[in-house]
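The block underneath contains the structure these notes are about, expressed in structure tokens.
The values are calculated or read from the model by the stated rules, or taken from the named source; none is laboratory data. Keep in mind the model is a prediction, meaning the values are calculated, not measured. The area values use the complete protein model at the heavy-atom level, side chains included, leaving out ligands, DNA and RNA. Shrake-Rupley method; radii C 1.70, N 1.55, O 1.52, S 1.80 Å.
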Amino acid sequence: MKQYRIVLGIELGLDFIRIAEVEHREGEFFLSKVAERKIESIQADELVKTLSLLMKEETIMSRIASVAIDTRMTSRDTIDIDPDLGSDDVASFLRAEIDFHNRFTGKSYIPAYEITKSRIDPYREVFYAALEKGLLFTLRDTCTRCGLELQFVDLDHSCSELAINKLVRDVGNYTLITVKEGQVEASLCSKGERIIYKYIMYSGEPFYFITKAAQDLDFRGKIDSDKIFLTGSAADSFLIDLLRNNVDERYELLNPPERMQLSSIASENKELAEHPHRYSHAIGAALK
């Protein structure tokens, strides 16, 4: 029996919603629709109004959705742990760590974690992210009211990693850097597995912080990346040219649509044609 389903990837930013509808066809992916719209707040009524309008305007067929959350809405970090800790002990340790950092906020968080491949004797490194419960409930409520079944919620950066792993089959080792206003985050991946993750808060121009993040990952991971992909709202072709001409020719803008089949509607979308990397998070969510 042929596997066929349609998934709506939803990227939730601080002030926008971006969507990408992807049809899954026997291991191939067909990008049918993309769109975005500004939002005034991250409240259920506002999200329902905006998402419903986008779905109506774009004639969205999918009834299942996966959401890519801006990492700036989460509590996350990388910390070193005893390598002999079991999974229950790691979870308890992280819960205490998250509670400590957020004890004055009055908010409750739902954590997830991943033990990365990076190791600094005698410790192992854990990357964790925690989503505030109220936001998760808002997302569930929004999807239900829009007639969608919420399938997954993940970090936007992780969704772009998935887009690379699913679509860019000719790269073994890569670095992914997401550039936003005030933040650069980067991960080094090998054969689809994340080796190291880090993020840097910055002010001013991101050029120095991008190169620093890439160099730090290369040094710690002891792996040469075949390519260094850039994505995110503050990435653009000017920044890529600057990096390629002055630092390293491996830099390139992440472009998931070039590895997909596109509908005529998606092919004619001017924003997608001019800034395809901006849809990498939503596309990655839709590939879940």
Using modelled amide H (1.01 Å from N, peptide plane; none on Pro or chain starts), what sits under 5 Å from the amide H of Ile39, excluding residues fewer than 5 places away? Phe16, Ile17
So which lysines can Lys133 reach, going by Cα to Cα under 21 Å and dropping same-chain residues fewer than 8 places off? Lys107
Applying the Karplus parametrisation 6.51 cos²θ - 1.76 cosθ + 1.60 with θ = phi - 60° to the phi angles of the range 23-33, what ³J(HN,Hα) value in whole Hz is obtained for each residue in order, glycine and proline being reported as x? 8, 9, 10, 6, x, 9, 10, 10, 8, 9, 9
Which lysines, if any, have their Cα less than 25 Å from the Cα of Lys117, not counting same-chain residues under 8 positions apart? Lys166, Lys191, Lys198, Lys212, Lys222, Lys227, Lys288
What are the membrane-span-like helices in the chain by this rule: whole DSSP H runs, Cα extent along the axis at least 20 Å, mean Kyte-Doolittle hydropathy at least -1.0? 87-101, 207-221
Heavy-atom accessible area order for Leu139, Leu53, largest first, 1.4 Å probe: Leu53, Leu139
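Could you work out the equivalent-ellipsoid semi-axes for the range 16-148, taking the square root of 5 times each eigenvalue of the Cα gyration tensor, largest first, in whole Å?
Semi-axis lengths for the range 16-148 are 35, 20, 11 Å.
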